[in-house]
Structures are given as C-alpha cells and as structure tokens.
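In what follows, a structure is listed as structure tokens, so that the remarks can point back to it.
The values are calculated or read from the model by the stated rules, or taken from the named source; none is laboratory data. Computed from a predicted structure; not experimentally measured. Glycine also receives a Cβ, built like all others from the backbone with ideal geometry; neighbour counts cover every protein chain displayed.
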Amino acid sequence: MNVSKMIICDLKNGIIHNKRYYLVPVLIFFECMYSDNLLRILSFGQSFGKPTIFDLLILVFRGCDPISKLPKDNSIPDLPYFWIAIFIFSVFCGFDYMHDDLTQFGTQIITRCKKRRTWWNSKCIWCIVSSFYFYLLTILTILLYGALHDYEFVFENNHAITNAFAGFSLTHKLADNNIISTFNKICLVIAPYLVICTLNMIQMILCLYLKPIFSYIIPSIIIMAATYTDSSIIFTRFGMLLYTQNYFVNGYSTFIGIVICLLIIIMSIIWGEKHFKVANILPDKE
C-alpha cells in the first residue's frame, strides 16, 4: 500500500466515518448561546454597539483567570466549562483511532509492506487534518450562529464588548490598545487550531507507550492545568484568546504561543518516527 492510499484510508476511517464529529456543532452552538446570553446580560441598560463575528470567536475561546493567582478571598473560581469541554472533546474525537489501527488493519500493512515510516507519516497527516476538521466545524458553527443572531460579519473587534468581559479579570490589567493589527487577528484565529493539533499530536505519541485511555487522560490534565496557571509551559493557555496582549497588559503573546505549539508538533513528529522505527511493536511477526 502506497502513501496516498494509506492517507486516504486514514482520512476515510478516522474522520469521515467518525460519528463523534457530529456532536461538534452541537457543543459549539451551546457555547455560542452561552456567550451570547452573557453578552446580552452584560449589555442590559447600556450600549456596546453591534457585536461582530470576530467578537463571538473571542468569547467562545475567552478562557479564565489562572486559579493560582486569584485573591485568597475568592474561594469560588469561575471555570470556563465550555472552553474545557471543547478542547477535551477535540482530543476525544480520535483518541483510540491510532491504537485500534495499529492493533488491527495497521498491523497487516506494517507486516506486509515493512513501511513503518509510511504508516507513522500517514497518522501524522491524519492528526493534522482531523484537528483542522474539528476546528473548521467550530468556525462554521460560529458563523452560522452569527448569521442567525444578526452579528456583524466583519473581521474587526468591538473593544467595548471584549473589554467589558476582560474587566471581570481579577489577575490581569486591561490594555489601552483598542486596535488589533491584521497579523494579530490572524494569530488569534489560528491559535485554537494549533492548540487542538498539539494536544492530538501529544496523545498520538503517548499511544505508542500507553493504552488509549491513559493517552487521553494526560492531554485532558494539560487542558485543565491551563485554568490553574498562566505559565507558558502549559501551552493550552494559548487557546484562551481573551488573555492575550491584545486585551491585557500582562497577557501572553499569541505569536509566541503559535511558535511553541509548532515546535511541539514538529518535535512530536520526529520523536514518534524515531521511536516507532525501532520499537518492538510486532515481536512475533517482525
């Protein structure tokens, strides 16, 4: 089996026939409803102006204050449950596909073709494409919700709205900047996808060492850790779009977050290829 056939097989079985993706629009639609209701409550009695579709994206992935830095008298942290659910579900969509393929149909491919590198590269492409598919469904759902609820379809940010949400932060200081450059807007749009892709790539690496359930739990812990600390080591924090330098003085750099995610993805691909090439995966047949 050549590379193209293997990739087509992975995309077909790991994405098209994966019914878990049917629930992605439902999850995102509920998150849009939740954010929209908060916006309506916040704007009651005052005018923020018309919200844009870009604002809705920021609110869907807005995140929260790091729990570790909250004032001691704030005993009830405001956890972003939908934000957590989005990223955990993005990992859940394909958490067992690679393991199942390796122990079933993939075993036949490796045994007959002796092409471990081809098999691994195909899985890396599947991981990147499946992450993009998840995020594409997310963006399309946000666009659909915006169209149904009269959001303005412009690639602009209404800072009156985002600053109102940012004003609830107890750990970050609002930035005076009311203009986001086109480059930073693009970075904000790309960041959640790269976080999703990085999580899935890490999960795929862990599947080479652990059972699928454990390779799923570890990325989930990394996701939860982003609500506890704002350390750059916890790259999932870069998926919290409101907590950037575009809105807070002490916010993180979206560009740096993208670079970190790309480095992790590249290192995961190289590490996984080297390990899989020499691993004693099929001791009875190879």
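With respect to Leu23, is the statement that it is surrounded by 12 or more Cβ atoms within 10 Å (Cβ to Cβ) and at pLDDT below 95 true?
For Leu23, the condition - surrounded by 12 or more Cβ atoms within 10 Å (Cβ to Cβ) and at pLDDT below 95 - is not met.
Any chance segment 196-204 includes a residue that's of a type in the set (Val, Ile, Thr) and under 14 Å from Ile84 (Cα atoms)?
There is at least one residue in segment 196-204 that is of a type in the set (Val, Ile, Thr) and under 14 Å from Ile84 (Cα atoms).
Scan segment 237-255 residue by residue and report those that are assigned to a loop (DSSP other than H, G, I, E, B), touching a residue at least 40 places away in the same chain (Cβ under 8 Å) and surrounded by fewer than 19 Cβ atoms within 10 Å (Cβ to Cβ).
Gln245, Val249, Asn250 - these are the residues of segment 237-255 that are assigned to a loop (DSSP other than H, G, I, E, B), touching a residue at least 40 places away in the same chain (Cβ under 8 Å) and surrounded by fewer than 19 Cβ atoms within 10 Å (Cβ to Cβ).
For segment 256-274, does any single residue satisfy the condition of being more than 30 Å from Arg116 (Cα to Cα) and either assigned to a helix (DSSP H, G or I) or over 15 Å from the mean Cα position of the chain (by Cα) (or both)?
Yes.
Out of (1) at pLDDT 95 or above; (2) under 19 Å from Met224 (Cα atoms), the odd one out for Tyr252 is which?
(1)
Specify which of the listed residues (Ile7, Ile16, Ile53) is within 21 Å of the chain's Cα centre (by Cα), over 30 Å from Asp230 (Cα atoms) and either surrounded by fewer than 15 Cβ atoms within 10 Å (Cβ to Cβ) or not basic (Lys, Arg) (or both).
One residue alone meets the criteria, Ile16.
Which residues, taken from segment 260-286, are surrounded by 12 or more Cβ atoms within 10 Å (Cβ to Cβ), modelled with pLDDT of 90 or more and out of contact with any Ser or Thr (no Cβ under 9 Å at 6 or more places or on another chain)?
Listed by number, the residues that qualify are Leu263, Met267, Ile269, Trp271.
Please pick out the residue among Asn158, Asn184, Asn178 that is in contact (Cβ under 8 Å) with a residue 40 or more places away in the chain and over 28 Å from Leu262 (Cα atoms).
From the options Asn158, Asn184, Asn178, the qualifying one is Asn158.
Which count do you get for residues in segment 31-68 that are acidic (Asp, Glu) and more than 16 Å from Gly146 (Cβ to Cβ)?
Of the residues in segment 31-68, 1 are acidic (Asp, Glu) and more than 16 Å from Gly146 (Cβ to Cβ).
For Ser122, work out the one condition from (1) in a helix (DSSP H, G or I); (2) within 25 Å of Pro80 (Cβ to Cβ); (3) of a type in the set (Gly, Ala, Ser) it doesn't fulfil.
Against the list (1) in a helix (DSSP H, G or I); (2) within 25 Å of Pro80 (Cβ to Cβ); (3) of a type in the set (Gly, Ala, Ser), Ser122 comes up short only on (2).
Just give me the residues in segment 36-90 being among the small types (Gly, Ala, Ser) and over 20 Å from Ile221 (Cα atoms), in sequence order.
Within segment 36-90, Ser43, Gly45, Ser47, Gly49, Ser75 meet the criteria.
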